[in-house]
Each structure stands twice: as C-alpha cells, then as structure tokens.
Amino acid sequence: MFDITTKTTITTDWAQLKTVQERGNLAEVLEVGSEFPISLEADADNENDVFEQLTAQVAHATKECRVMVVIKDCTGQMHAMNDHATNEGGWKDSAMRKWLNEDVLHRLPKELQAMIVPRTIRQKINGEEVQMQDKLWLPSFTEMFGADAAAEWAPCDLGDEQFELFDSERSRVKEVPGRGTWWYWLRSPSASYSTYFCLVNSNGSAYYSYASIARGVAFGFCL
C-alpha cells in the first residue's frame, strides 16, 4: 500500500481573502507552503520597471495567526543593499528598505496593499536596539537559517524565529529570471565585516557580500 499526495487548488479573490483575514482565519486557508500569484505593475516614471508576474509563498504562521509571505523566486530586477559598501545603520538605514517600501510596494495590487500588515522589525545596531515598521521587508538571517547559526553570523537579529518553510537548503534556493539559481539578500548586517550584509547563495547556504553589489531580491510581507 502507498499514499498518493495531491495538491488542492482553491479558487478565490482578494475580497474573499480580506474577509477571511478580518475574521482571523487566514492561516487556515494560507497554510505554510501555499502559493498564490501576485503582480508588480510597471512604473511609467521608471524605465527600469517592467510588469512582472510573481509567485508568493507562505513561509510561516505566527502565534497571532498572522501569515508571513515571501516571494518564491527573486524579482527580475536585482538591487544593492546600499549605494556604498557599508552596513552602517543596518536594515533601518539601507537603500534596499527605502526602495522596497517607497517604490516596489506601490506596484503591488491595490487589494493586496490593503491587506498587508506593517511588521515591527528589531535589530541591534552599535549596541543599541533599533525598531522600525515595514510593509515590505527581506527575511533576516535568523528567519532563514535559525537562531543557532545567527549567533555567529548575525547577532544583530532580535526577536526573530526561523520560518517553517526554510528548514532545508533546498527550500531556500531561489532563481532570478533568465539567470537560473542565484544569490539573494537578507536584511541582516554581517557580524564579521562592516561592508557586508548576509545573503543566501545559489545552493541555499549562508554567505555574505559587499552591500553595494546588486543581488537577487525576494521580499516578504505579513498578512
């Protein structure tokens, strides 16, 4: 005897999901690993922006029944963490954070934007705790690799836990369109070098890179 595993597809729309969210039952519909399509509209004022069809993937469900979503593969447009090779100011002062929340956010469907819940992110920068609230963010090193690994690589992460989806190297591998599997950024500054942020390399392992180099971007949001 053996089991046959099938994937169930649920047909819905943003209005129905919004209703489920308001009832506090979204985690029952969007289980970890669930996928759904989202689009990025082209910004007419930015010649670098083009329409993109992306796949969102549920990565984690919180104790408060919030759903953490990370896009399954990277956006077509790669981006640097900062204009210069520095991680000074951490995620809070990064060019990546500004780009995601001032440019990319407004290219998402309006119905999805209305559902996104601002998330409080905490980091220890220069020995002090810094808090910020974002609608779009990159996963932290801890959320990708767990707290034990983060103690050496990214002790700046505060209050994070590993997302259920990312418990293996295979689950962490992502592609950049037209380039195959690729390296993509995390929001955590490297503990070893003031010029680096942490990232996930093309085989799903932890690494780091100069903050000024354009790498893959796989952003997340909370519902």
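Numbers for the structure displayed
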{"read-out": "Assigned charges on the beta-carbon of Lys, Arg, Asp, Glu; the chain dipole about Cα centre (debye)", "value": "80"}
{"read-out": "Percent of C-alpha pairs per 5 Å bin, the chain, short to long", "value": "1, 7, 14, 19, 20, 17, 11, 6, 2, 1, 0, 0"}
{"read-out": "Fraction of the pair-distance distribution of the stretch 150-195 above 14 Å, Cα-Cα pairs, percent", "value": "63"}
{"read-out": "The stretch 154-201, dipole about Cα centre (Lys/Arg Cβ +1, Asp/Glu Cβ -1), debye to the nearest 20", "value": "300"}
{"read-out": "Translational diffusion of the stretch 129-223, µm² s⁻¹ [Kirkwood Rh, Cα pairs; Stokes-Einstein; 20 °C; 1.002 mPa s]", "value": "158"}
{"read-out": "Built amide H within the under 5 Å cut-off of L186, gap 5+", "value": "C198, L199, V200"}
{"read-out": "Compactness of the stretch 69-163, expressed as Rg and Dmax over alpha-carbon positions, Å", "value": "13.9, 40"}
{"read-out": "The chain - mean residue ellipticity at 222 nm from DSSP helices (-39,500 (n - 2.57) per run, n ≥ 4, rounded to 500)", "value": "-4000 deg cm²/dmol"}
{"read-out": "Karplus-derived HN-Hα couplings along the stretch 205-221 (A = 6.51, B = -1.76, C = 1.60, θ = phi - 60°), whole Hz, x at Gly and Pro", "value": "9, 7, 7, 8, 7, 4, 5, 8, 8, 6, 10, x, 10, 10, 7, x, 7"}
{"read-out": "Long pairs among K7/K174; K7/K98; K18/K124; K7/K110, criterion Cα-Cα beyond 31 Å", "value": "K7/K98; K18/K124"}
{"read-out": "Cα gyration tensor category, rounded, prolate or oblate, for the stretch 1-98 with a/c compared to 1.5", "value": "prolate"}
{"read-out": "Förster radius 22 Å - calculated FRET efficiency between I38 and E164, Cβ distance, rounded to 0.05", "value": "0.60"}
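Read-outs throughout are calculated quantities, based only on the coordinates presented, and are distinct from any laboratory measurement. Everything numeric here is computed off the predicted structure, so don't read it as measured data. FYI the Cβ positions are ideal-geometry reconstructions off the backbone, even for glycines, and counts take in every protein chain you see.
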